[in-house]
Every structure is written in C-alpha cells, then in structure tokens.
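Enquirer: There's a structure below that I have some questions on.
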Amino acid sequence: MAKRTPKSLKDGGKKTNLKSSFNALTYIPRFFKEIWNVNKKLFLLSAFCRLIGALLPVIILWVGKLIIDEIIHQISLDATDYTQLWTYVAIEFGLVILSDLMNRAISLTDGLLGDEYNIATSVTIIKKTNQINISLLEDSEFYDKLERARTQTTGRVGLMSNVLGQAQSAVSIVTLIAGLVYFEPYLILLLILSIIPSFINEVRFSQQEYSLARSWTAERRQLDYLRFIGANDKTAKEIKLFGLTDFIVDRFKNLSEEYYELNRTLAVKRSALGFLFNLLGSLSYYGAYVFIIYRVLSGAISIGELTFLSGSFNRLMKNLQEFFSRFTRISESALYLKDYFDFTDISVASKTEEDMPLPKSIKEGFEFKNVYFSYPGSDHEILKDINFTLKAGEKLAFVGQNGAGKTTLTKLLLRFYEPTSGDILLDGININRFNKAEYQAFFGVIFQDFFRYEFTIKENIAIGDINELDNQTKIENAAELSLADSVVNELKLGYNQQLGKRFANGQDLSGGQWQKVALARAYMKNAEVMILDEPTSALDAKAESDVFTRFIGLTEGKTSIIISHRFSTVRQADRILVLEDGKVLELGTHEELMRNDNLYAHLFSLQAEGYQ
C-alpha cells in the first residue's frame, strides 16, 4: 500500500489564526437570533435563571461573612440572644436551596432548548441540501463543507450553553470584583497575573485544534467510510470473498494513526503549557491568601472579612479561569458555527419575475438545440452538439454503450445540471424560464441507482407521491401495476413490513423485488413525463416483458423516455436515439435503424445472437 504524504496544520491554507478565531465570534448574535426564534419563552426563562444564579454566589459569601462576624460578636459579649445569628443562617440556607434550584432549572432549560435547536438546525440542513444543485453535492470540497455543517450539531448546542454560561459568569465576576475592590483592590493585580497567560495559551491551542479538524475533514469522512464497509451486512460477502479485511484494516490504521499522532502532539503541548500557567495561577492565589492573612493579623480586617475575601478571591479566580477557558471553547465552536452558516448561506437560484407558468399539458414537446455539457471543474465534454426532439406523447428510447451520455441527458432534462452551452426547450420555451421545483414535479422518474429506503413497503411505494401516503387504494394499484403486489404477498406484515436490516423486524428484499417496489413509485405519480433509466435490470426476462407491456399500455399518450440495454424493450419505443461518445449517432424507429446497418443494428444483432 502506498505511503501517504504526512499532513500538518499548515496544509492547503487551511490553518486558522487568532484573528480568524475572533472574527468567527461575529456569528454569535446571528446564532442566538436562531435560538430565540426556536423558543422565546424558554430562552427568557433560561436567561432569568442565569441572572439569579450569577448574583447568588457573592450574596451567599456576604451572608457567610455576616454569620462569622456575628459569632465573634456574640462570643465577645458573652450574649445568649442568638436571634440575629439564626436569621443569617436561615437566610444562607434559603439562598443555597435557591442556588441549587436555579442550577437545575438552567440545566433543564438548556437541555430542552438545545434539543429544539438541534431539531431546527437539522431540518434547515436537510432542506438546504434539497435546494442545492446536484453538481454541487457531487463536488468533494463542497461535500466536506456539508459534512462539517452536518456533524457539528452537538457542538452548536454546547456553544449555546457556553455562551449563556459566559453571560452568567460575567455577572458573577463583576459582583465578586466589586466586593474585592471594596476591601482590597490590590488583589485584582494578582488575579490578572494568574489568569491572562493561561487564557492566551488556551486560545492559541483551540485554534490549532480547529485547524487540525478542518484540514482532516476529507480524511475523517474516509475513516467513517472504512468503518462502514468493514463492518456492514451489505459488504460482508465481498469482504470475505475477496479477503479484503487486512486491506481495509491497514488503510484504516494508517490513516487513523497519522491523525492520532498529530492530535497527540498538540494535546501534549497544550497540557504541558497549561500545567505551567496553572502553577502560576496557584502561586498568585496563595500570594493573595498570605496577604489577606497578614491583613487580619495586623487588625486591618475582621475574621468575617477574611472569610469573605478568601472565598471571593478563590471563587473569582475559578470563575475567571472558567470564563477564559469557556471563551476559548466558544471561539473554537464559533469557527464550526461559521461552517454551518457558510453552508446555509450558499446562494440558491430562486424564483424571479422571469419565471414562466408551466403548460398544463405538453403540446409540442422537448427540443435539445446544440447542447454541450461538461461536469463542473472538468474540460472533458460528456455531451457534444446534441440536437433532437422529444415529441408530445412520444416514447423515446436512449441507446448506447456505457459512458455514452444517456443518463446525463436525462439529468439535463430534469435540470439537475445546466448545459455548458446550448438550449433545452419545452414547447418552444427554455426550461430555465420555468420555476425549477414546479418543473421537476412534471416528471416521474426511476433511476437505475434508485435508493432503497429502509421504511415500510407502503412508505417506499408512496415516495412516488408522498402526499398520497394514506391513500391505500392508490398504493395497492401502483403495486399491482409494477408487479410489486407479488412482493407484498410474500411479506408477513404486508404493506406495513419494515424493509432493510437497520431497524427491528426489518426484512431485506432481492434486487428484483426492490426494483418492482421502485417501479411502483413511478405509477404513484400521474406525471406528464415518465423517465425509466434501466428500471428492469434486476428482473428476469418474463417479469421485464410484463413490466414493459404494462408500461407501454399505461403511458399511452404520455411523453416517456426509456433507457435500457435490452433491445427487446427498446424496440417497443416509438423512436430510438443512439448515442456514441456523447454525440447523436442515429435517430429513428427500430425498423429504420436496422435498415441503416449502423451501431444500433450491430448491437441488436449481437444481443440477438446471445438468445439463439
């Protein structure tokens, strides 16, 4: 296996710096606007609980000071009336209970708000992905951006708690500082000395960790893929048969260990420097503690004030350490937040004033005029100067060897891609003039690489027109037309049978059975145009013949496109378009193309010989 070139944090201009870390914080207000829109009442409740929780520490410390001073006062007077003392104790007890209540309320509201926001952002990502052009989704760099946006949901929920906690800490810090300034303002200098170096260290390493995670997005996707194919029921047969276990394990180990080494180096440096700076903080704290004791011994402050100052300084130092540590987590999470907003901000062509209303029915048909197409980022032309018409109500078959451009033609027709040059017209109007979503709803399509949804068989069929999910009659009719009813009859739970092995009580289907279910989706939709791209490749000859006989009859008068390598199917089309190397080579009826004695006649004869 070839050695990989080691990666570092500086690869590909992906390294972040302190400036980018702080710039990412500008996304925080927008982030909280989204949270506010998710649940305003819950957000306000959380903010109120945090405000109360922020004020309680210094109040509890102050009441503790009053208790100590009162005890000393009572001892000095040799008094027996402890009413004031027990009042202070009762107040402190009540404040401690209230503090616990506030902390639990904060945890509860944060958890609920985080769950609601998690749902909202996941829905946003799913909807945004649906709006994005297929060409972008097939681009590896864009897919990395999608992956970062998709996988950082938990981090964004944590960011919410950290920012709210930061606001709470800020209030507590201000009140504690006010108490220190009132008694001993010089302690603030020691506090700054103990905190700032540690803060700079944390910020520096947090941005380096983000740099590492970002630069390894593609590799982490590869690791996930290796985990999937290495331990999956769908790949197990080939893994065993071809002896791929060691190959997959070696590739996984090499890649993961390389990432581990980079991450370990960073973690060791962060821990070592973190220890040194925390040692400085501890020295500062005990320096302050010695100073406070000296002030007590000199009679400058009371024992109660000693308790308040030592407690305040200790709590303040911890609050500040947590404040700055949380700040670094926030700045790091904000970098991931930037990835999320970068994804949701991707511009998507929207409806404009130029949108034309779709015809209620096709009158003339489709026309390809001088169409060229290359995949984004590639100079290789997949389609070259394509010219043909698909007449209204016509059944047109696409024929050609693998890679000739048959499926690409349908993707252009469906507006999954835009032609590099040339025009595609519907009834004389460029299809780009129509609203894309409304235009695509014009079609009923089954691709050869259709997706096998691990839903119930009823839901799998209803996907063709999901608004008819509760229309059992229509679902059963679609199943009958596609021969999927025979599949349903073999299942224990009938139309309610869970498909696939991912979930409990699931049952997998054979390739031919899945194809019948997928075909039923096409019959669920009363589309103006039907496209079947190798829809029967997994069916036996008789089942295929039955499927296409029904299809031809049921789509009488409808505009249809059929892509198939089986010429017994193709010859049933009204006309046949033959593609070679991305160009239109022939176009005509089966009889005309056989008389031409060109590629179609040659391929047809080769296949016919196989049946003799």
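Read the figures in this text as sums done on the coordinates, not as results from a lab. Given the structure is predicted, the values throughout are model-derived calculations rather than measurements. Don't worry about glycine lacking a Cβ; one is built from the backbone with ideal geometry, like all the others, and counts go over all protein chains shown.
Enquirer: The stretch 457-512: which trypsin sites (Lys or Arg not before Pro) are DSSP loop and have at most 11 other beta-carbon atoms within 10 angstrom?
Expert: Here the sparse-neighbourhood loop sites are LYS492, ARG502.
Enquirer: Between ASN23 and PHE416, what FRET efficiency comes out of the Förster formula 1/(1 + (r/R0)^6) with R0 = 25 Å and r the beta carbon distance, rounded to 0.05?
Expert: About 0.10, to the nearest 0.05.
Enquirer: Follow-up. Apply the Kirkwood formula to the stretch 449-526: the hydrodynamic radius equals the inverse of the mean of 1/r over all pairs of different alpha-carbon atoms; give it in Å with one decimal.
Expert: Kirkwood hydrodynamic radius for the stretch 449-526: 12.0 Å.
Enquirer: Give me the net charge for the shell around ASN103: Cβ to Cβ below 14 angstrom, other residues only, Lys and Arg +1, Asp and Glu -1.
Expert: 0
Enquirer: For the stretch 560-612, what's the relative contact order in percent, using C-alpha pairs closer than 8 Å and at least 6 residues apart?
Expert: In percent, rounded to a whole number, it is 23.
Enquirer: In addition: Provide the per-residue ³J(HN,Hα) series for the stretch 59-76, in order, calculated from phi with Karplus coefficients 6.51, -1.76, 1.60 and θ = phi - 60°, each as a whole number of Hz, with x at glycine and proline positions.
Expert: With coefficients 6.51, -1.76 and 1.60, one gets 5, 4, 4, 5, 5, x, 4, 5, 5, 4, 4, 5, 4, 5, 4, 5, 5, 5 Hz.
Enquirer: Right, here's the next one. Just flag the GluC sites (Glu not before Pro) in the stretch 430-523 sitting in loop per DSSP whose Cβ has no more than 14 other Cβ atoms within 10 Å.
Expert: Answer in residue order: no site qualifies.
Enquirer: Work out from phi, with θ = phi - 60° and the Karplus expression 6.51 cos²θ - 1.76 cosθ + 1.60, the ³J(HN,Hα) of each residue of the stretch 381-393, listed in order in whole Hz, and give x for Gly and Pro.
Expert: Each residue of the stretch 381-393 in turn: 7, 7, 10, 9, 6, 7, 9, 5, 10, 10, 6, 4, x Hz.
Enquirer: Report the semi-axes of the equivalent ellipsoid for the stretch 303-448 in whole Å, largest first, where each axis is √(5λ) for an eigenvalue λ of the Cα gyration tensor.
Expert: 61, 19, 13
Enquirer: Residues of the stretch 418-442 with the amide nitrogen closer than 19 Å to a label point 7 Å from the Cα of SER378, along Cα-to-Cβ, please.
Expert: 418-422
Enquirer: Quick one: if the Förster radius is 35 Å, what FRET efficiency do LYS41 and ALA170 give, using the C-beta to C-beta distance and rounding to 0.05?
Expert: 0.90
Enquirer: Using 1/(1 + (r/R0)^6) with R0 = 45 angstrom and r between the beta carbons of ASP470 and THR389, what's the FRET efficiency to the nearest 0.05?
Expert: Values: r = 40 Å, r/R0 = 0.89.
Calculated value: 0.65.
Enquirer: Let me ask something additional. Run through the stretch 68-100 and list the chymotrypsin sites (Phe, Trp or Tyr not before Pro) located in a DSSP loop whose Cβ has at most 13 other Cβ atoms within 10 Å.
Expert: Those satisfying the criteria are TYR82.
Enquirer: Placing one identical point scatterer on every Cα of the stretch 416-496 and ignoring solvent, what is log10 I(q)/I(0) from the Debye formula at q = 0.25, 0.27 Å⁻¹?
Expert: Normalising to I(0) and taking log10 leaves -1.27, -1.42.
Enquirer: Can I ask one more? Explain nothing, just compute: Karplus ³J(HN,Hα) = 6.51 cos²θ - 1.76 cosθ + 1.60, θ = phi - 60°, for every residue of the stretch 573-583 in order, whole Hz, x for Gly and Pro.
Expert: 6, 5, 9, 10, 9, 9, 10, 9, 6, x, 10
Enquirer: Once you keep just the Cα pairs under 8 angstrom separated by 6 or more residues, what percentage relative contact order results for the stretch 449-526?
Expert: 43 percent
Enquirer: Compute the distance in nm between two label points, each set 7 Å from the Cα along the Cα-to-Cβ direction, one at ASP342 and one at SER271.
Expert: It is 3.1 nm.
Enquirer: Quick query: amide H of PHE398 versus all other amide H atoms, modeled in the peptide plane; which residues come in under 5 Å with a sequence gap of 5 or more or a different chain?
Expert: Close amide H contacts, sequence-distant or interchain: ILE562, ILE563, SER564, LEU577.
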